[in-house]
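The values are calculated or read from the model by the stated rules, or taken from the named source; none is laboratory data. Small disclaimer: the values here were computed from a predicted structure and weren't measured. In this analysis, Cβ positions are derived from the backbone assuming ideal geometry, glycine residues included, and neighbour counts consider all displayed protein chains.
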Amino acid sequence: MAVGFTLSLIFNLTPVAKADTIQTYGLAWSGAALGNGASATGVIVLDLSTLPNPSAAIGSGLSGTDYVDISSDITSLSINVTGSGAGDGTFTLADLAPDSSFGIKTYWNTKGNTLNMEGNILTQLQADAGDFNLFFAPPGPQGSSALQLTTNGLSGNPMAMTEFSPVVTPEPGTFSSVLLCLALFVGVKRLGGARSMTAPRGTRL
């Protein structure tokens, strides 16, 4: 009874994580499917209050296209590239630079569809034939195809995106609530043990 009550409190006091106005996402790319050993992992923090979602209707984005540059909606960015030789390194928001073809630092295209920013962004972009790319100054990686970066300023190894999903973090107070419930559980167990030890025994005839 006490165990069930305590577990009920734990689950009821632990909130389900929701996307905030400022949301952190994990990123990853791999060259394995493209025949090379390069890979990259990183974290991007987006301001969802200003992020274009959907990106734009067909033909209404930058220069009459359906893509937009979301560099101004990124509050933090860090990408670490390994296994590519000359293109290895850590690249941040300050390293983004306008590419020679589009003149933009990022490429964001949801094909006019509204994405669920609490869900897996990569699978949604893949389903909608959308795109997300970054353009870093060399030797950083740059977008070379849909959902694909190529290391060392396009002269290195191509890497396909393998992750773009929210980093789930507990809401403030969640951890302390769980600790409180566990302490209550331990207290109830100890109280029950003490009562069983001090209970009067039956009288022998």
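List of remarks:
- Those strands (runs of 3 or more DSSP E) lying entirely in the stretch 127-173 with at least 1 residues over 19 Å from the mean Cα position of the chain (by Cα): 142-145, 148-150, 158-166
- Candidate set from the stretch 67-88 (those that are small (G, A, S), touching a strand residue (DSSP E or B) at 6+ places or on another chain (Cβ under 6 Å) and closer than 18 Å to N36 by Cβ); member that is surrounded by the most Cβ atoms within 10 Å (Cβ to Cβ): G87
- Cβ pairs under 8 Å, 6+ apart, first in the stretch 66-81 and touching a residue at least 24 places away in the same chain (Cβ under 8 Å), second of a type in the set (D, E, K, R) and surrounded by fewer than 17 Cβ atoms within 10 Å (Cβ to Cβ): D73/D47; I74/D47; T75/D47; V81/D88
- F132 vs. criteria under 18 Å from L51 (Cβ atoms), modelled with pLDDT of 95 or more and among the aromatic types (F, W, Y): yes
- Restricting the stretch 90-116 to residues that are surrounded by fewer than 17 Cβ atoms within 10 Å (Cβ to Cβ) and closer than 18 Å to L51 by Cβ, the residue that is modelled with the highest pLDDT is N116.
- Every residue from the stretch 117-140 that is of a type outside the set (G, A, S) and surrounded by fewer than 19 Cβ atoms within 10 Å (Cβ to Cβ): M117, E118, N120, T123, Q124, Q126, D128, P138
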